[in-house]
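Working notes, beginning with the structure itself.
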Amino acid sequence: MASVIHPAASSESRPGRFGIYGGRYVPETLMAALVELEHEYEAAKNDASFQAELAGLLKDYAGRPTPLYFARRLTEQLGGAKIYLKREDLLHTGAHKINNALGQGLLAKRMGKKRIIAETGAGQHGVATATVCALLGLECVIYMGDVDMERQELNVLRMRLLGAEVRGVSSGSKTLKDAISEAMRDWVTNVRTTYYLLGSALGAHPYPTMVRDFHRVISIEMKQQILEKEGRLPTAVIACVGGGSNAIGAFYEFIPNREVRLIGVEAGGRGTALGEHAARFHGGSPGVLQGTFSYVLQDENGQIAATHSVSAGLDYASIGPEHAALHDSGRAEYVSQDDAATLDAVVRLARTEGILPALESAHAVAECLRIAPTMTAHDILVVNLSGRGDKDMGILARELKL
Amino acid sequence: MAIHFNHKPGLVVYLTAGDPSLEITRAIALEAIDAGADVIELGVPFSDPLADGPVIQRASERALARGTRLKDVLELAREIRAARPAAGLVIFSYFNPILHYGLARFADDAAAAGADGVLVTDIIVEEADEYLAEMERVKLAPIFLAAPTSPDDRLQAIAIHSKGFVYAISRTGITGKQQSMTADAAALVARIRRWTPLPVAVGFGISNAEHVAQVAEFADAAVIGSAIVELIERSTPEASPGAVARFIKGLHLPQAALAR
């Protein structure tokens, strides 16, 4: 494999960099909009009335704070670490995605934008965006790969019911990556009137920082709740990583607490060959995709590789740039769980705790099932249960022969 | 060998290298130059061309399906340069294939192939330190895109760092056809000229003689991409070089172009 040139060590001092990762690799047409967004976001972040409105909606509309639930039966069965579940699955619309959709939706309104576009993989970000657009009275167009529309049909119907237009994307692999490209093409065309409500900690600056900030609330609550319940910090926080929004939200407040292990779980898919998985840290290398410099699954010519995961939300060839930096520094660990282990984890959690996790979140549960028995009762694991699994019933019925 | 427009408007022709094959791209490029193209932009096919419309997306998919690699495009550039020493030759790419090839290696090989310039769609001036240093080292012209949405401070930076020509995007949007030139394009070219004496080429959506005549009123050159790529898509491989030559002649460029 050819050696990869990093875009200059000096790039670390540029805005939107996480170590050497991140930055802005976009068509010039978008630059004015990205700079405007950066300034508007900074202003909103420091505006008490904006923050108060967001906090009010997160509490009364979305249902924050979400519980930190002690999974007693699962803990007893595994016979090792104490297991807690951060119940983001209980949020309105069924996943953590609403945190960011509300934040950016309010920002779009503040900027006077009337038309919202977004991409979605599993459909959870699309549903969250359609929901916020309904709430705020904004026009909403969602791009979704044809493969994902088929496997997450329930969410397509939810988006339409909420008044959004869902546009299928038939290019490339017809999944999340292609939906992002199509949303960016729309944005390049309609940049003067349209707000791109990007759904993961991906893309050009300021998106990775902004999306992370809107999900920080997860680890802020987690930290407070575990201190209340246990009087100490957890041994490890575990989260699944597609683009990486729920994981960065769950990790962020613990980054300075070096005794807390941060474990990101990528999609191991159905094999280790390129194209059979979405584990960017196990087969990927630094590259530029869709606006940011991060780890990318690519072939020997720098063409982006196909990916596979049973979960549409983790089925993506790149990863948020802040995760790339956390990986290289060793502050966070990244492992993978395959489709089969993930399906087992869904069944295990459903039948032990009566909780049906999303296939994405079940990757984190699978890693918990693996490591909890190797630990002692003194250890505490917190799993970020980022979404609920109702949307996956079609896949589960087929895969599990229900 | 340099980028120059001997007549107004000059013509820049974009071709997706390897569509339908490297051999045919070579034949098309030579016919295009003989028919009046001043500059050939050789497009490196990329799996995720997010600035491109469906026509160039499909061409990229076809070229990749045939296994076209960056090193093949550079070899093609070398052949075109050998056959037409006076034509302008620009390598047009998304950043990732270049990054993976190695930026310094790419600069060396593109220069050795005889390219005059490089245009990277998703490199903006702020992220271009290393890229600009490499282009300067091997004396290749870095060509930046200027957009109707670019404010003056950005246009100034784009103008200062571009060499060869500045590529003005006629409208917000992706590559592909449009009905007529927007007022955006003329206003943008006028704004660019405040910062640079370089020629300004206008591209995106230019597909016929009427568009080219409109561009001639305010810019130095027109860039035609999707219209020609679509013509190649509709033609048989054997017929496409002739079809492209006839298309270019039908643009009614000034005679100076045809004399080349």
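Within region B:114-136, the set of residues being at the interface with chain A (Cβ under 7 Å from one of its Cβ atoms), part of a helix (DSSP H, G or I) and either crowded, with 23+ Cβ neighbours inside 10 Å or in contact with a Pro (Cβ under 7 Å, 6 or more places away or on another chain) (or both) comprises B:Glu127, B:Glu130. A:Gly231 falls short of the stated requirement of being more than 17 Å from A:Phe18 (Cβ to Cβ), surrounded by 24 or more Cβ atoms within 10 Å (Cβ to Cβ) and not β-branched (Val, Ile, Thr). Taken together, A:Leu138, A:Leu162, A:Leu157, A:Leu106 contain a single residue that is hydrophobic (A, V, I, L, M, F, W, C), in contact (Cβ under 8 Å) with a residue 60 or more places away in the chain and more than 14 Å from chain B (Cβ to nearest Cβ), which is A:Leu106.
Within region A:153-164, which residues are part of a loop (DSSP other than H, G, I, E, B) and touching a strand residue (DSSP E or B) at 6+ places or on another chain (Cβ under 7 Å)? Across region A:153-164, the qualifying residues are A:Gly163, A:Ala164.
When B:Ala82 is tested against (1) crowded, with 24+ Cβ neighbours inside 10 Å; (2) away from chain A (no Cβ under 14 Å); (3) hydrophobic (A, V, I, L, M, F, W, C); (4) not in a strand (DSSP E or B), just one condition goes unmet, and that condition is (1). Within region B:137-154, residues that are more than 10 Å from every other protein chain (Cβ to nearest Cβ) sit with their Cβ atoms under 9 Å from residues that are among the hydroxyl-bearing types (Ser, Thr, Tyr), at 6+ positions apart or across chains, in these pairs: B:Ala141/B:Ser162; B:Pro142/B:Tyr131; B:Pro142/B:Ser162; B:Ile143/B:Ser162; B:Ile143/B:Tyr167. Exactly one residue out of B:Gly164, B:Gly205, B:Gly173 is within 30 Å of B:Arg137 (Cβ to Cβ) and buried (at least 21 other Cβ atoms within 10 Å of the Cβ): that is B:Gly164. State whether the residues of region B:96-113 include one that is within 14 Å of chain A (Cβ to nearest Cβ), β-branched (Val, Ile, Thr) and either free of Cβ contacts under 8 Å to residues at least 12 places away in the same chain or in a strand (DSSP E or B) (or both). No, that holds for no residue.
Quick check: anything in region B:53-61 among the acidic types (Asp, Glu) and in a loop (DSSP other than H, G, I, E, B)? The answer is no; no qualifying residue exists. Selection of region B:47-79 for residues being of a type in the set (A, V, I, L, M, F, W, C) and within 10 Å of chain A (Cβ to nearest Cβ) yields B:Leu50, B:Ala51, B:Leu64, B:Leu70. Taken together, A:Thr194, A:Thr189 contain a single residue that is under 23 Å from A:Ser245 (Cα atoms), within 14 Å of chain B (Cβ to nearest Cβ) and surrounded by fewer than 24 Cβ atoms within 10 Å (Cβ to Cβ), which is A:Thr194. Of the residues making up region B:27-48, those that are more than 17 Å from B:Glu230 (Cα to Cα) and either among the acidic types (Asp, Glu) or in contact (Cβ under 8 Å) with a residue 24 or more places away in the chain (or both) number 10.
Residues A:Ala134, A:Ala108: which one is assigned to a helix (DSSP H, G or I), more than 24 Å from A:His39 (Cβ to Cβ) and modelled with pLDDT of 95 or more?
The conditions single out A:Ala134.
With a requirement of 3 or more residues that are in contact (Cβ under 8 Å) with a residue 12 or more places away in the chain, on the phi < 0 side of the Ramachandran plot and over 17 Å from the mean Cα position of the chain (by Cα), the helices (runs of 4 or more DSSP H) lying completely within region A:310-402 that satisfy it span A:339-353, A:359-371, A:393-400. Filtering region B:151-159 for residues that are among the polar types (S, T, N, Q), surrounded by fewer than 19 Cβ atoms within 10 Å (Cβ to Cβ) and within 28 Å of B:Phe106 (Cβ to Cβ) leaves a non-empty set.
Scan (1) away from chain B (no Cβ under 14 Å); (2) over 14 Å from A:Ala325 (Cα atoms) for the single condition A:Leu274 breaks and write down its number. (1) is the only condition that A:Leu274 fails.
For region B:30-46, the condition of being within 11 Å of another protein chain (Cβ to nearest Cβ), charged (D, E, K, R) and more than 12 Å from B:Ser93 (Cβ to Cβ) holds for none of the residues. Being touching a Leu at 6+ places or on another chain (Cβ under 8 Å), of a type outside the set (S, T, N, Q), in contact (Cβ under 8 Å) with a residue 24 or more places away in the chain and on the phi > 0 side of the Ramachandran plot is not true of A:Gly284. Taking region B:140-160 as the range and being assigned to a loop (DSSP other than H, G, I, E, B) and within 27 Å of B:Gly114 (Cα to Cα) as the test, the residues that pass are B:Leu140, B:Ile143, B:Phe144.
The values are calculated or read from the model by the stated rules, or taken from the named source; none is laboratory data. The shown structure was predicted, so the numbers you read here are calculated from the model rather than taken from an experiment. Glycine gets a Cβ as well: all are built from the backbone with ideal geometry, and neighbour counts include every protein chain shown.
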